[in-house]
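A short reminder: the numbers here are calculations on the coordinates, not readings from a lab. A quick note: this is a predicted structure, and the numbers were derived from the prediction, not measured. A quick note on method: Cβ atoms are made from the backbone with ideal geometry, for glycine too, and the neighbour counts reach across all protein chains shown.
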């Protein structure tokens, strides 16, 4: 008989460790939003200084957020939420962001589609020398370095070219 039940989805577990792992992976705690902050301060009589808000607030996460806000007098919960949003928008982003780095590198890297587009209008079958000559002046230096690595044989169609790009990159 299961001893632990997830209050979010109802899944049951015999072991506490599996229940806790399920909670952390399937239902991780969400970071507080400006709306959460506004709701947490809904009962506070404004205006209040930041330190007074910290004292009045409940919950460690909300108190931590309030401590990070600029030290000034706030007229209402909406003003606190705006200050929180402004603070979040100015947070320093990590140096390496995979989506940005990967996206930028992907745009600069010679992809099969990018190189294949250089051969639009080529009459196939075509030899590697014909492809190199055709790409001359149309391709970037990096794209030409990839094309220079093509095996010396006849390419029947654009799919042969795409396969060759995949092989050499």
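Averaging the sequence gap over all C-alpha pairs within less than 8 Å and six or more residues apart, then dividing by the number of residues, gives the chain a relative contact order of 14 percent. Per-residue ellipticity at 222 nm computed for the chain from its helices equals -15500 deg cm²/dmol, with DSSP H segments shorter than 4 residues left out and the rest contributing -39,500 (n - 2.57). Once the gyration tensor of the Cα atoms in the range 109-168 is diagonalised, the equivalent ellipsoid follows with semi-axes of 15, 12, 11 Å, ordered largest first. Enter the angle in degrees (range 0 to 90, nearest 10) between the Cα long axis of helix 77-89 and the first principal axis of the Cα atoms of the chain, meaning the one along which they spread out most. Compared with the principal axis, the helix lies near 30 degrees. Here the calculated FRET efficiency for residue 51 and residue 79, from their Cβ-Cβ distance with R0 = 25 Å, stands at 0.95, rounded to the nearest 0.05.
For the range 1-74, the equivalent ellipsoid derived from the Cα gyration tensor has semi-axes of 37, 11, 10 Å, listed largest first.
Taking Cα atoms only, the orientation of helix 158-168 departs from the longest principal axis of the chain by about 70 degrees.
Normalised size of the chain, defined as Cα radius of gyration per 2.2 N^0.38 Å with N residues, equals 1.91. Could you let me know the centre-to-centre spacing of the range 29-74 and the range 115-169, using Cα atoms, in angstrom? Result: 61 Å between the Cα centres.
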